[in-house]
Every structure is written in C-alpha cells, then in structure tokens.
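Below you'll find the structure, written out as structure tokens, and then a few comments.
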Amino acid sequence: MLEPHLPDDVSVRRWILVYSVYFVLLAAPLIVLLIAQGDSWEDWAHNTSVTFRTATVAAKLLGLALYLSLCCTFLPMPSMWIVSAVASQHVAITGDAWTTTLIVASIGAFASMMANLNDYHIFTWMLRHRRIAAVRHTRTYRRAARWFSRSPFFLVVVFNFIPFPIDVVRMLATTYRYPRVPFAAANFSGRFVRYGVVAFVTYQLADYGWVATITLLGFALVMGLGRVILSVVRRMQHRSSSRAAEIESAVKQTPRES
C-alpha cells in the first residue's frame, strides 16, 4: 500500500513533467538535424558510427546529452564510451583539448545529473510503499545512514567520480532524504571531473584510444576502493581500541579479593 502523504517534500509528478519536457527539448532538435543531414533511416541503422562522425557538432552534443540522460540505475547503459567517442579528435568537436574537455564534461555532467535526479525521484516514489520504506528500520540501514551522515556531499561526489558497478550511495542518499539541491550539485561535480579526465585523456592520446582511458579509470577505481577499505579498517581498529579500553576499565574497577 502506498503512503501518498509521506513527508518527503518531493513531487514525483512535477519531476516527470520537467524531465519529459527536457527530453523533448533534446530529442526534437537532434531528429531535425539528422533529417537535415539527408541520410535515410536504413543508413542510420547500418552506419551509426559514420552518421555520428559526419553529423554537425550540435547533433553530436545533443546525442551525448540525450544518451547520458537515460543512463541510470533502471537503465544501466555504459556511459564512458560515448564521452570518449565525442571527445576524440576524429569527431572534431573543437580544435583543442581544453575546450573539448570543458564542453564535453559540462554537457555530460549535466545530463548525468538529470539521470541521477530521475533515480532520486523514482526511489522516492518506491519508498512510499510501506514494505520498501521498512528498510529504514533495519540495523544495516542505520549503520549505513550514520556512515553517510558524516560527509554526504563528499561521498556522492566520490561515487560519481569513480565508476563503481552499483552506486549504492545514490540509493542511500534518497533513503536518507538528502536534499535534492546538494545531491544534484554533488552529482554534477563528480561527473564533471570524471568526464573531464576521460575527455582530456582521449583527446590527447588519440592513438591509444580506449587503452589509456580504461587504464586511467581502473587506477581511479583502485584508489577509490583503497580509500573505502582503509576507512573500514580504521573504523574497526577504533572499535577494537574502544572495546579494549572498556574491558581494561572494567577490570580496574572490579574489587580485588583480599
């Protein structure tokens, strides 16, 4: 049973309207530009890469934004390939690395932010179901919420920068009812850095293509996991030390037999 009056201050219907208008504003001009290019539907279906390469700069950037706006938890399509493809020198968005990086990273980050906000609203709607909302009363969630509450903005940024297979922090942020404005800002910041790195490396190392990009992202993933593991180890050590201190204090307070 749904709880329509759950005080989460989120209008899912309003978001659906906003996202629909946003989607149409991207899709409509892209279709017009592709039609103006003169290729038939069969050519687009069989020669997508050629069509994309010969399209106008506006069409390429609209395609980037449209695709990334759809990449979310409920439609987990890979995102790195199109960022790398648009940033390639062969696609020729601009004539230099820094301008290409800035444009691709900005548009890509905004599109991913919209996709993640879509996740936020869908998760919010799901949490209005009593059985799903019951997750907030579990011990696991309480522990995760305490961990998240220490630095929510930083965690959302990190999980958007490092390509984790499952973005649990995005789900946790929604369950925690983290405000949408800082949530959106953190998503944009993390994705801007990630896409900026990918775009710059791809443009500069055009001859190496995906090898350089994947190597760099793999290094970032290892560093991120190492940071998480280190944090967990420190927490366990802190608990062990606290427990040892409690035992020692209890032993000292125990009266000795004469």
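Quick look at the numbers
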| read-out | value |
| --- | --- |
| Burial ordering of SER20, SER79, SER106, fewest other beta-carbon atoms within 10 Å first | SER20, SER106, SER79 |
| Residues PHE183, PHE110, sorted so that the one with the fewest Cβ neighbours within 10 Å comes first | PHE110, PHE183 |
| Likely footprinting exposure, TRP125, TRP81, fewest C-beta neighbours within 10 Å first | TRP81, TRP125 |
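Coordinate-derived values only; no laboratory data. Being a predicted model, the structure only gives us computed values, none of them experimental. Every residue, glycine as well, gets a Cβ built from its backbone with ideal geometry; the counts of neighbours run over all protein chains shown.
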